[in-house]
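A quick write-up on the structure given underneath.
The values are calculated or read from the model by the stated rules, or taken from the named source; none is laboratory data. Quick caveat, the model's predicted, so the values are computed rather than measured. All Cβ positions, glycine included, derive from the backbone under ideal geometry; neighbour counts span all protein chains shown. All accessible areas refer to the heavy atoms of the entire protein, side chains included, with ligands and DNA or RNA removed. Shrake-Rupley method; radii C 1.70, N 1.55, O 1.52, S 1.80 Å.
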Amino acid sequence: MKVLIVKTSSMGDVIHTFPAVEDARRARPDISFDWCVEEAFAGIVALHPAIQTIHSVAIRRWRGKLLEPGTWREVVGLRSALRASRYDLVLDAQGLLKSALVARLAAAPIAGFDRSSAREPSASLFYGHRYAVPLGLHAIERTRRLFGLALGYEPDFSRLESGIVPPAGKSTFVGEKTAFLLHGTSREDKKWPVADWIEIARLLVIRGMTPVTTWSNDREQAVAEAIARVVSQTVVVPRSALAEIAAVIGSSTLVIGADTGLTHLASAFGVPTVAVFLATEPGLTGPRGPFASTLLAAPGRSVTPPEVMAKAERLLALKLPGSA
């Protein structure tokens, strides 16, 4: 059986789908999986060994260039590639109108959430197979349940495995006691103050760990350099390809991150991960795993560096007994 997964974005949503793929790989070894994803996240999907072919879409880019011939050539090329693959089933794990329209391009039976379960109810109109999955569940569990219903097995919720490993290749920091600080995120209200990142870097150095951070735009570069100016032991990794940053994250001893996709990636790698949520509710979308923990700011206050450090100590004690 040949199945196409449609989960185009965002990075965190893509990573939340991996446990469902891992369930299916164990329960249905007869199925081969391909994936359709936003071009920016193709490298993330490639981390899972069960995914054979990755079809890239560029919906974010296409939206701004709908009248350009090149856009439609790309769309037609995607449709041709999907139809040539002759899928037995397309599994829309996103439940949005845009993902349903992408799923239709494959000209194969489509399975997805029913009207009461989809994030955009109108998406369910495009599915031939619709399944009810409660909206109040964590995104990881919702996707695992959808895969189980569509592919005919019961997920084992006593285990949670992503099935991914860090990219192959050497990291500068392999073997070192490093703590990766993921301060960059898409919204200003999600960002921990620079002073708090500086303080957590200082606390990490006292504990004998090397703070590591990076950046992807000018604002993030300013934060990374501000941390390094005050805490000189901080290593600033230059702006790099996603696979290279993933390799450094995967080799880290600890990750402390804001509500951002790379924080979810650290958790999926099994790295002890402390997520700092300031403006969003982590209950349905926060990092999950035996070595992941989330600190949520109470109304009217922030999360303090000592609170983060205390949580990190507990996770490190679980992962590395005797290290705390």
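Summary of values
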| item | result |
| --- | --- |
| Tabulated pairs, region 79-93, first over 19 Å from VAL14 (Cα atoms), second of a type in the set (S, T, N, Q) and not in a loop (DSSP other than H, G, I, E, B), C-beta under 8 angstrom, 6+ apart or interchain | SER85/THR53 |
| Lone qualifier among ARG26, ARG73, ARG63 - being basic (Lys, Arg) and either closer than 17 Å to LYS2 by Cα or touching a residue at least 24 places away in the same chain (Cβ under 8 Å) (or both) | ARG26 |
| Strands (runs of 3 or more DSSP E) completely within region 252-298 that count 1 or more residues being touching a residue at least 60 places away in the same chain (Cβ under 8 Å) | 254-258, 273-277 |
| Enumerated helices (runs of 4 or more DSSP H) restricted to region 1-87, each holding at least 2 residues that are touching a Phe, Trp or Tyr at 6+ places or on another chain (Cβ under 8 Å), open to solvent by 20 Å² or more (accessible area, probe 1.4 Å) and of a type outside the set (Lys, Arg) | 11-27, 69-84 |
| ILE245 vs. criteria under 22 Å from the mean Cα position of the chain (by Cα), modelled with pLDDT under 95 and closer than 25 Å to LEU47 by Cβ | yes |
| Filter pass, ALA106 being among the aliphatic types (A, V, I, L, M), buried (at least 19 other Cβ atoms within 10 Å of the Cβ) and in contact with a Lys or Arg (Cβ under 7 Å, 6 or more places away or on another chain) | yes |
| Verdict on SER122 being at pLDDT 95 or above and either open to solvent by less than 20 Å² (accessible area, probe 1.4 Å) or in a loop (DSSP other than H, G, I, E, B) (or both) | no |
| Filtered residues of region 146-204 (kept if at pLDDT below 95, open to solvent by 50 Å² or more (accessible area, probe 1.4 Å) and in a helix (DSSP H, G or I)) | GLU188, ASP189 |
| Yes/no for THR213 being open to solvent by less than 30 Å² (accessible area, probe 1.4 Å), of a type in the set (S, T, N, Q) and modelled with pLDDT under 95 | no |
| Members of region 232-270 that are in contact with a Lys or Arg (Cβ under 8 Å, 6 or more places away or on another chain) and open to solvent by less than 10 Å² (accessible area, probe 1.4 Å) | ALA258 |
| Subset tally (residues that are small (Gly, Ala, Ser) and open to solvent by 70 Å² or more (accessible area, probe 1.4 Å)) for region 282-313 | 1 |
| In region 124-164, the residues that are over 17 Å from ARG28 (Cα atoms) and over 20 Å from the mean Cα position of the chain (by Cα) | SER124, LEU125, PHE126, TYR127, GLY128, HIS129, ARG130, TYR131, ALA132, VAL133, PRO134, SER158 |
| Qualifying residue in region 257-268 (condition: out of contact with any Asp or Glu (no Cβ under 8 Å at 6 or more places or on another chain) and modelled with pLDDT under 90) | no |
| Filter result (among the charged types (D, E, K, R) and within 17 Å of LYS7 (Cβ to Cβ)) within region 97-129 | LYS98, ARG104, ARG119, GLU120 |
| Qualifying residue in region 216-224 (condition: within 24 Å of ALA268 (Cα to Cα), without any contact (Cβ under 8 Å) to a residue 40 or more places away in the chain and open to solvent by 20 Å² or more (accessible area, probe 1.4 Å)) | yes |
| Within region 130-143, considering residues that are in contact (Cβ under 8 Å) with a residue 40 or more places away in the chain and surrounded by fewer than 20 Cβ atoms within 10 Å (Cβ to Cβ), the one farthest from GLY286 (Cα to Cα) | GLY136 |
